[in-house]
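Peer 1: My structure is below; once you've seen it, I'll send some questions.
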Amino acid sequence: MGANVTTEDQVEPKRRWQDVDLRAVAPFVALALLLLLGAMVNSNFISLNNLANVATRSAFIALIAVGATFVISSGDLDLSVGSMVAFVASLMILFMNSNAIADPGMMIAAAMLLALIVGALCGLANGLITTVGKIEPFIATLGTMGIYRGLTTWLSQGGAITLQSAEQQDLYRPAYFGVILGVPVPIIVVLAVTSVAAFVLYRMRYGRHVVAVGSNPNVARYSGIKVDRVRTTAFVIQGVCVAIAVMLYVPRLGSTSATTGILWELQAITAVVIGGTALKGGASRVWGTICGAFILELVGNIMLLSNFISEYLIGAIQGAIIIIAMLVQRSLVRKS
Amino acid sequence: MESEPKGSGDIVVSARDDVASATHEDSQIMPATRGDIVLSAQRISKSFNGVQVLFSVDFDLRRGEIHALMGENGAGKSTLVKVLSGFEQPTSGEIFLDGKPVKLPPNGAAEALGIVVIHQEFNLAEHLTVTESLFLGREVAHFGLLDRKFMRRETRRVLDMLGSHISETAVIGSLTVADKQMVEIAKAISRDARIVFMDEPTAVLSRGETEALFKQVRKLRDLGTSFVFVSHKLDEVTELSDRVTVLRDGQWVKTAPTAMLDGESIAQLMVGRELSSLYPQKSEPNVDETRVLSVVGLNTAHVRDAHFDLRKGEILGFSGMIGSGRTELMEAIAGLYPRVSGEVRIGNALMPAGDIQATAAAGLAYMTKDRKSKGLLLGSDMTSNLTLQSLDQHGRWGYLSPASERKALARARRRFDIRVRDASVVAGRMSGGNQQKLLLAKVMEITPKILIIDEPTRGIDVGTKQQIYHFIAALAREGCSVIVVSSEMPEIIGLCTRIVVMRAGRIVGVLEGDEINEQEIMRYSAGLKQKAVA
Ligand SMILES: Nc1ncnc2c1ncn2[C@@H]1O[C@H](COP(=O)(O)OP(=O)(O)OP(=O)(O)O)[C@@H](O)[C@H]1O
Ligand SMILES: [Mg+2]
């Protein structure tokens, strides 16, 4: 082996550097650069307070994107998440307004449970339509996107659905505005959910199955994996993540409307892609996803704090980011 | 341009290898076209991410010769082929084309210089038709309009030349591995190349297809085309090649005229030690040994009325032409392919159709022959591949213990002699033979009672072949029953105590004892003989 010492000497030091998976690191490098840029634009930006604020606001997208990481890693796509947020939120508020349970605490707990169930069922519907119905996930969830949105519009009669009981509102507010040990509750929720997701993806059998199905469904099938079940479960997980996002969303405004969550699917998918998860499945990077969601919100924040770009351009910038992220990902793939 | 090698009419006696030409008494024209060196490589080294796989290798290729490149799995043959065809750039060393130093353009652009490669990994776009693949990048058009008819005719001509029945309008994705390989070959041959690299082109081909290919190769060689031929089939190499170069562990070991070597000596050079008998002692199971698998009246899309049983500790062979339905039958038994009717029993338990989980739970494991698209996750590391089918063993309640998986990998690498220079390499970057060993290891992780192996030694070197044969025999002695599906006659004859021959979806014969020989199997599989099967 050591027959050719000279050439080996030359390559040895390079190795460490190349061993690092660039795609896994890229989002964090981008985040560091953005923080630097933000600090130059406005000195308030880098303050802990501002950053905590940004992180709190990115919580909804982050939570949804964690679910999207599962769906995308298994080779599918869910476009219905934005409408699902609106649908689950309106059912949740309608239920709370029904006063079916007298005790407000119990009521909130029951409503949260309801949200989880509805979210899971919505995800299950998406999953079954794609797997049992054998419809492209893109089309299947485009369909349910219309359905969930339409149902919301009908429930709200085109207007808003608002939480009526002040008692409930006061009790529920801390779920979004509360602070535990100096950390806003939404940040804690995001970190907890992501930790669980990372554990499932990297340390559990199901995570291995997700990656196998996403990178080659044939190999998965030949290995005795129930491909359809794995895909459907990923959609259900997505639904549950949406429900958790809704649980934070409702106490924030105490209200929802037919336009809630519009284009959130774009943001969630963007966060996943920025995070380094491959869109054609096979590699899942859930911490990268969180980083991606934070980056998206940061960009908006920087635009707000700077005076030279109109904040009305946020959508356009976010659209550009997803394209750039894809290009960067592809060039990194080629290199490694 | 003036350095354009001496025209093919010149006789270049000085550079000719006398021994090599002496071996081909039949080819009078050859001395005229052979001789001068077309492509040569000096002190080629290649590293991937700091792991060196080629160590200062020298290689030269003459006009009109077939140069075999031999070596164990992972010796660096494919890597050398890629370096010499521009698909990889050498870390150091020089390449000369017609005596002039060149830097070969990447990604197959070397085709413009007359260098084409038939890759070990298929390089075909799955959604194109056969004709489209053949003419990819050089479509024939008049005033911007594609001349489809001409291209189809041309494709047909090349395929006929190779004796292949593939339809020129078939979509690549629908073809079997063997057919894909034929398309790859047709593609290379149709490109008027000066230098053709063939990396294990015959690994998936039947004898007939191989012969048709060799006929074309010889014809082109006599016209002055040079070939580099990689294969693990020693008989093919001694039959076809003019010279042999042997690599071992990334180092050049020897280049010699084929006439001076025989299969045995090549094998020895490859592994660096003497090889004992290739096949293990056969041990027949008792006649009254319990039946572990019985198949009754099984029908699938192509397979008709299959009956057979398998006894405990038996090694049963399945022979037949490519397309005779062996794989379909095995996949139907394993629950991977839909059944139309019929029964499959493991022990006494009736297996539900199309349920691989049930058959696996009953102790049956199936190893696919299509390791690239059905066997391994090419983008995942060895561990994820190894344990994919047996994750339940590595923790409870769905949790996976990394330590337990690491142990499994270490065990499998020892047991199957999986050699990689870098343990974190993804499966797609491993050498073909080592991928095959990893696949076998993966299947064996579920400790099956019945093992069905489809083409067990595809792309595996002689030394490892021997290991695998002995491994199969040892399994059988321990009471595991093995079905070996193989297109390699010697392998099936050397291993099995009973051989089922299939033809056109039907079982046409079952051979035992003295009946087991090449002629007899051929007679059945060619349809010259048939006997009622109980
Ligand atoms: N792109 C790559 N990145 C990292 N390692 C590689 C890469 N390509 C090849 N290798 C390594 O180089 C070594 C030689 O591989 P190569 O494919 O050339 O072997 P081979 O002689 O063709 O073997 P086989 O007979 O099994 O096909 C192997 O250890 C393989 O893992
Ligand atoms: Mg190879």
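Peer 1: In whole Hz, with x marking every Gly and Pro, tabulate ³J(HN,Hα) for region B:366-376 from phi via Karplus 6.51 cos²θ - 1.76 cosθ + 1.60, θ = phi - 60°.
Peer 2: Values per residue, Gly and Pro as x: 10, 9, 6, 8, 9, 5, 6, 9, 10, x, 10 Hz.
Peer 1: Under the rule of at least 5 residues apart or a separate chain, name every residue whose amide H is placed under 5 Å from the amide H of A:Ser255.
Peer 2: Here A:Leu163 satisfy the definition.
Peer 1: What's the carbon and sulfur percent of region B:86-232's accessible surface, probe 1.4 angstrom, rounded to a whole number?
Peer 2: Values: 3670 of 6540 Å².
It is 56 percent, rounded to a whole number.
Peer 1: Would you mind classifying region A:134-233 by shape? Square roots of the alpha carbon gyration tensor eigenvalues, ordered a ≥ b ≥ c; an a/c under 1.5 is rounded, otherwise it is prolate if a/b is larger than b/c and oblate if not.
Peer 2: Taking the square roots of the gyration eigenvalues as a ≥ b ≥ c, region A:134-233 is oblate.
Peer 1: Identify the GluC sites (Glu not before Pro) of region B:192-293 meeting these criteria: DSSP loop state and at most 16 other C-beta atoms within 10 Å of the C-beta.
Peer 2: For GluC sites (Glu not before Pro) across region B:192-293 that sit outside H, G, I, E and B with at most 16 neighbouring Cβ atoms in 10 Å, the list reads B:Glu274, B:Glu289.
Peer 1: Would you mind checking which residues have amide H under 5 Å from B:Arg248's amide H? H placed 1.01 Å from N; only 5 or more apart, or other chain.
Peer 2: Under 5 Å from the amide H of B:Arg248 lie the amide H atoms of B:Val253, each far enough along the sequence or on another chain.
Peer 1: Which peptide among A:219-225, B:468-474, B:223-229 comes first, and what is the full order, when sorted by highest mean count of other Cβ atoms within 10 Å?
Peer 2: With the highest mean Cβ count within 10 Å placed first, the list reads A:219-225, B:223-229, B:468-474.
Peer 1: If R0 is 60 Å, what FRET efficiency do you get for B:Arg153 and B:Thr238 from their C-beta distance, rounded to 0.05?
Peer 2: It comes to 0.95.
Peer 1: Can you give me the pair-distance distribution of chain B, C-alpha pairs, 20 Å bins, whole percents?
Peer 2: Spelled out bin by bin, chain B gives 21, 53, 24, 2 percent.
Peer 1: Same structure, new question: Taking the Cα centre of the protein assembly as shown as the origin and placing charges on Cβ (Lys, Arg +1; Asp, Glu -1), which of A:Gln169, B:Val57, A:Tyr206 is farthest toward the positive end of the dipole?
Peer 2: Farthest towards the positive end: A:Gln169.
Peer 1: Per-residue Cβ counts within 10 Å, from other chains only, averaged over A:83-92: what number is that?
Peer 2: Numbers: counts 0, 0, 0, 0, 0, 0, 0, 0, 0, 0.
Mean partner-chain Cβ count within 10 Å for A:83-92: 0.
Peer 1: Between A:Asn97 and A:Ala160, with labels modelled 7 Å along Cα→Cβ, what's the label distance in nm to one decimal, could you check?
Peer 2: Here the answer is 1.2 nm between the modelled labels.
Peer 1: What's the extension gain from A:Leu121 to A:Asn50 if we count 0.36 nm per residue and subtract their Cα-Cα distance?
Peer 2: Working: separation 71, 0.36 × 71 = 25.56 nm, distance 3.67 nm.
Gain on extension, A:Leu121 to A:Asn50, equals 21.9 nm.
Peer 1: Restricting attention to region B:232-305, which trypsin sites (Lys or Arg not before Pro) occupy a DSSP loop and are surrounded by at most 12 other Cβ atoms within 10 Å?
Peer 2: Here the trypsin sites (Lys or Arg not before Pro) that fit, given the DSSP loop and packing criteria, are B:Arg273.
Peer 1: Suppose R0 equals 25 Å. What FRET efficiency, 1/(1 + (r/R0)^6) with r the Cβ-Cβ distance, do B:Arg429 and A:Lys226 give to the nearest 0.05?
Peer 2: E(calc), rounded to 0.05, equals 0.30.
Peer 1: Also, quick follow-up: Give me a single rounded figure for A:165-171: the average over its residues of other chain Cβ atoms within 10 Å of their Cβ.
Peer 2: So the per-residue partner count for this stretch is 0.
Peer 1: Here's a follow-up. Just report the Cα centroid separation between region B:48-116 and region A:96-125, whole Å.
Peer 2: 66
Peer 1: Further question: Whole-Hz Karplus ³J(HN,Hα) for region B:323-339, in order, using 6.51 cos²θ - 1.76 cosθ + 1.60 and θ = phi - 60°, x for Gly and Pro?
Peer 2: Ordered by residue, 3J(HN,Hα) equals x, 7, x, 5, 5, 4, 4, 5, 5, 5, 5, 6, x, 10, 9, x, 9 Hz.
Peer 1: Okay, moving on. Quick one: grab the alpha carbon gyration tensor of region B:147-240, order the square roots of its eigenvalues as a ≥ b ≥ c, and give me rounded if a/c is under 1.5, else prolate or oblate depending on whether a/b is larger than b/c.
Peer 2: oblate
Peer 1: Also, I was wondering about something else. Can you grab the distance from the C-alpha centre of region B:307-344 to the C-alpha centre of region A:259-314, Å, no decimals?
Peer 2: Their Cα centres are 52 Å away from one another.
Peer 1: Mind grabbing the accessible area of B:Glu154 for me, 1.4 Å probe, Å², rounded to tens?
Peer 2: Estimated to the nearest 10 Å², B:Glu154 gives 50 Å².
Peer 1: Here's another thing I want to ask about it. Please list, in order along region B:483-500, the HN-Hα scalar couplings obtained from phi with the Karplus expression 6.51 cos²θ - 1.76 cosθ + 1.60 (θ = phi - 60°), rounded to whole Hz, x for Gly and Pro.
Peer 2: Result, ordered by residue: 10, 10, 9, 8, 8, 8, 4, x, 5, 6, 5, x, 9, 9, 9, 8, 10, 9 Hz.
Peer 1: Any idea of the total accessible area buried by the B-A contact, 1.4 Å probe, rounded to 100 Å²?
Peer 2: Summing both chains' loss of accessible area gives about 2800 Å².
Peer 1: Using the alpha-carbon atoms, what tilt in degrees (0 to 90, nearest 10) does helix A:5-19 show relative to the longest principal axis of chain A?
Peer 2: That works out to roughly 10 degrees.
Peer 1: Whenever you get a sec, line up B:Trp397, A:Trp154, A:Trp264, B:Trp252 from highest to lowest accessible area (probe 1.4 Å, protein heavy atoms).
Peer 2: B:Trp397, A:Trp154, B:Trp252, A:Trp264
Peer 1: Which one, A:Ala160, A:Thr259, A:Gly315, projects farthest toward the positive side of the charge dipole computed for chain A from Cβ point charges (K/R +1, D/E -1)?
Peer 2: Farthest along the dipole direction, towards plus: A:Gly315.
Peer 1: Now for a different question. Determine the shielding of peptide A:209-222 by partner chains: average, over its residues, the number of Cβ atoms on other chains within 10 angstrom of each Cβ.
Peer 2: Mean partner-chain Cβ count within 10 Å for A:209-222: 5.
Peer 1: Would you please give the FRET efficiency between B:Asn107 and A:Asn42, computed as 1/(1 + (r/R0)^6) with r the Cβ-Cβ distance and R0 = 60 Å, to the nearest 0.05?
Peer 2: E between B:Asn107 and A:Asn42, to the nearest 0.05, is 0.80.
Peer 1: Between the helical axis of B:462-477 and the dominant principal axis of chain B, each derived from Cα atoms, what acute angle in degrees is found, rounded to the nearest 10?
Peer 2: Roughly 0 degrees, rounded to the nearest 10.
Peer 1: How big is the charge dipole of region B:376-446 about its Cα centre, in debye rounded to the nearest 20, if each Lys and Arg gets +1 on its Cβ and each Asp and Glu gets -1 on its Cβ?
Peer 2: The calculated dipole for region B:376-446 is roughly 260 debye.
Peer 1: Where only protein heavy atoms count, and the probe is 1.4 Å, what is the accessible area per residue for chain B in Å²? Intermediate results must be reported in sequence, preceding the final value.
Peer 2: Numbers: 22040 Å² over 534 residues.
Heavy-atom SASA per residue in chain B reads 41 Å².
Peer 1: Taking the Cα centre of chain B as origin, work out the dipole magnitude from +1 charges on Lys and Arg Cβ and -1 charges on Asp and Glu Cβ, in debye rounded to 20.
Peer 2: Charge dipole of chain B: 1060 debye, to the nearest 20.
Peer 1: Okay, next question. At a Cα cut-off below 24 Å, give the lysines reachable from B:Lys100, other chains included and same-chain residues fewer than 8 away excluded.
Peer 2: Once the sequence-local lysines are set aside, what remains near B:Lys100 is B:Lys6, B:Lys46, B:Lys77, B:Lys82.
Peer 1: Points 7 angstrom from Cα along the Cβ direction at B:His142 and B:Met161: gap in nanometres?
Peer 2: 2.3
Peer 1: Hey, another quick one. Would you mind calculating the gained length between B:Arg411 and B:Ser341 on full extension (0.36 nm times residue separation, minus the Cα-Cα distance), in nm to one decimal?
Peer 2: Details: separation 70, 0.36 × 70 = 25.20 nm, distance 4.07 nm.
Extra length available between B:Arg411 and B:Ser341 comes to 21.1 nm.
Peer 1: Dividing the convex hull volume of the alpha carbon atoms of region A:47-330 by its residue count, what do you get in Å³ per residue?
Peer 2: Spelled out: Cα convex hull of region A:47-330, divided by residues, is 138 Å³.
Peer 1: Just how much of B:Glu512 is accessible, in Å², when a 1.4 Å probe is used and the result is rounded to the nearest 10?
Peer 2: Surface open to solvent at B:Glu512 totals about 80 Å².
Peer 1: Then there's this: Using only Cα atoms, find the angle between the long axis of helix A:48-57 and the longest principal axis of chain A, and express it within 0 to 90 degrees, rounded to the nearest 10.
Peer 2: In chain A, helix A:48-57 runs at an angle near 70 degrees to the longest axis.
Peer 1: Let me ask something else. Give the long-range amide H neighbours of B:Ala141: residues separated by 5 or more places, or on another chain, with amide H under 5 Å away, using H modelled in the peptide plane at 1.01 Å from N.
Peer 2: Those qualifying (amide H under 5 Å, at least 5 residues apart or on another chain) are B:Asp147.
Peer 1: At a probe radius of 1.4 Å, what is the per-residue accessible area of B:Arg62, in Å² to the nearest 10?
Peer 2: About 40 Å², ignoring ligands and nucleic acids.
Peer 1: Suppose each label sits 7 Å from its Cα in the direction of the beta carbon; what would the A:Leu142-A:Leu113 distance come out to in nanometres?
Peer 2: Going from the A:Leu142 label point to the A:Leu113 one covers 3.9 nm.
Peer 1: May I ask for log10 I(q)/I(0) of the protein assembly as shown at q = 0.05, 0.10, 0.11 Å⁻¹, from a Debye sum over the Cα atoms as equal point scatterers with solvent left out?
Peer 2: -0.36, -1.18, -1.32
The values are calculated or read from the model by the stated rules, or taken from the named source; none is laboratory data. Keep in mind it's a predicted model, so treat the numbers as computed, not measured. Note that each Cβ is placed from the backbone with ideal geometry, even for glycine, and that neighbours are counted across all protein chains shown. Side chains are part of the model used for accessible areas, which takes the heavy atoms of the whole protein and leaves out ligands, DNA and RNA. Shrake-Rupley method; radii C 1.70, N 1.55, O 1.52, S 1.80 Å.
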